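As structure tokens, the structure follows; a few thoughts come after it.
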Amino acid sequence: MADNRFARLLEPGVGAFSGVLFGLGLGISEMVNPARVVGFLDITGNWDPTLGVVMLGALAVTIPGFRLVLRRNGPLLAAKFNVPTRTELDRPLLLGAVLFGVGWGLGGFCPGPALTALVSGHPEVFVFVGAMLLGAWIHDRAADRPTLTRR
Amino acid sequence: METFNPLAAFGGGVLIGGAALLLMLVNGRVAGISGILGGLLSPRPGDIAWRAGFIAGLPGGGLVFLWLHEGSLGVSLVASWPQTVLAGLLVGFGTRMGSGCTSGHGVCGIGRLSRRSLVATLVFIATGMATVLALRLLGLFHGG
């Protein structure tokens, strides 16, 4: 592991660089375009395979890449890998995925493309991102109160 | 349907996967947008800067794309105003409840061969397809 103070300085820079690459990839693959995304979800219309090919391209890197990287004792700058360990298919996972899927089909945006598409300047994208942050905040607030959690 | 460009789709996907791999190799973190954003909504000291950097990097990548292409991002919207608000609320709430979105489950989770992520991804793709079909049947579909 690298020196702690050095890591503290570099981590945000690597985060930002990764974000820029990610956003650029979303731009090049046109995943920032909701019409493309719903074109993939629209199986009874003129089906657009783009989203599937984008996922294949990403997985062609992450499946072998994570295998190699996660074999290491730890990441280059942090103490350990922060990777989820749960394996159970519980209700929050499934219900959350359903709610997300409905919203995704309605607007053609998931979180990354929406944030990237902010630079298109469309007011609708700002409204979507605002509503998305509100929805996330409502969930996290409810989950903080034991009486409202359903686990 | 807009012209299908498999090379741009695959190449863009490789870039997305590369970004996720870099974040894991160097910072030991999953490049899941909803999770990274969630950590900013309930911030913990010492765990903010890399998240803020990544989130700010996304529109930064959009700007790089605009600069390289000297044109537009090609965003065509498909939803009315009320649909846009409802979609945002559902995406925000659902991704937090389901512990991930297309990036965290679809790119990173399946990349780690996680059963939870594979199931979540199949569920949100199937529900997204069902939603578009329902919009079509209701005459509310404005895409392609």
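What follows is calculated from the coordinates using simple rules that are stated; it is not laboratory data. What you see is a predicted model; the values in this text were computed from it and never measured. Glycine also receives a Cβ, built like all others from the backbone with ideal geometry; neighbour counts cover every protein chain displayed.
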**Study point:** Mean shadow area of chain A over all directions, Cα convex hull, nm²
**Key:** 11.9 nm²
Check your understanding: What percent does the relative contact order of chain A come to when contacts are Cα pairs within less than 8 Å and at least six residues apart?
Key -> 28 percent
Point to revise | 10 Å Cβ neighbours from other chains, averaged over peptide B:36-48 | key: 3
Point to revise | Difference of contour (0.36 nm per residue) and Cα-Cα distance, A:D140 to A:L56 | key: 27.1 nm
**Study point:** Debye, to nearest 20: dipole size of region B:23-144, +1 on Lys, Arg Cβ, -1 on Asp, Glu Cβ
**Key:** 420 debye
Review point. So if R0 is 22 Å, what FRET efficiency would B:S76 and A:I43 give, r being the distance between their Cβ atoms, rounded to the nearest 0.05?
Key: 0.65
Point to revise | Summed side-chain charge close to A:P84 - residues other than A:P84 whose Cβ falls under 10 Å, Lys, Arg +1, Asp, Glu -1 | key: +3
Study note, to complete from the structure: Rg from C-alpha atoms of region A:1-55, normalised by the globular rule of thumb 2.2 N^0.38 Å, equals 1.74
**Study point:** Positive minus negative residues near B:R116 (Lys, Arg vs Asp, Glu; Cβ under 13 Å)
**Key:** +2
**Study point:** 20 Å cut-off, amide nitrogen to a point 7 angstrom out along A:F6 Cα→Cβ, residues in region B:38-53
**Key:** B:50
Check your understanding: For A:L41, what is the net charge nearby, where nearby means another residue's Cβ is under 15 Å from its Cβ and Lys, Arg count +1, Asp, Glu -1?
Key -> -2
Exercise for review: With unit charges on the beta carbon (Lys/Arg positive, Asp/Glu negative), name the residue among A:F66, A:N46, A:F6 whose Cα is farthest towards the positive pole of the charge dipole of region A:1-95.
Suggested key: A:F6
Practice item. Give me D for region B:23-144 in µm² s⁻¹, whole number, from Stokes-Einstein with Rh from the Kirkwood sum over alpha-carbon pairs, 20 °C and 1.002 mPa s. Key: 129 µm²/s
Review point. Can you give the average number of partner chain beta-carbon atoms within 10 Å of each beta-carbon in peptide B:114-120, as a whole number?
Key: 5
Point to revise | HN-Hα J in Hz across region A:87-96 - Karplus 6.51, -1.76, 1.60, θ = phi - 60°, x for Gly and Pro | key: 10, 7, 8, 9, 5, x, 4, 6, 5, x
Point to revise | the protein assembly as shown - mean residue ellipticity at 222 nm from DSSP helices (-39,500 (n - 2.57) per run, n ≥ 4, rounded to 500) | key: -21500 deg cm²/dmol
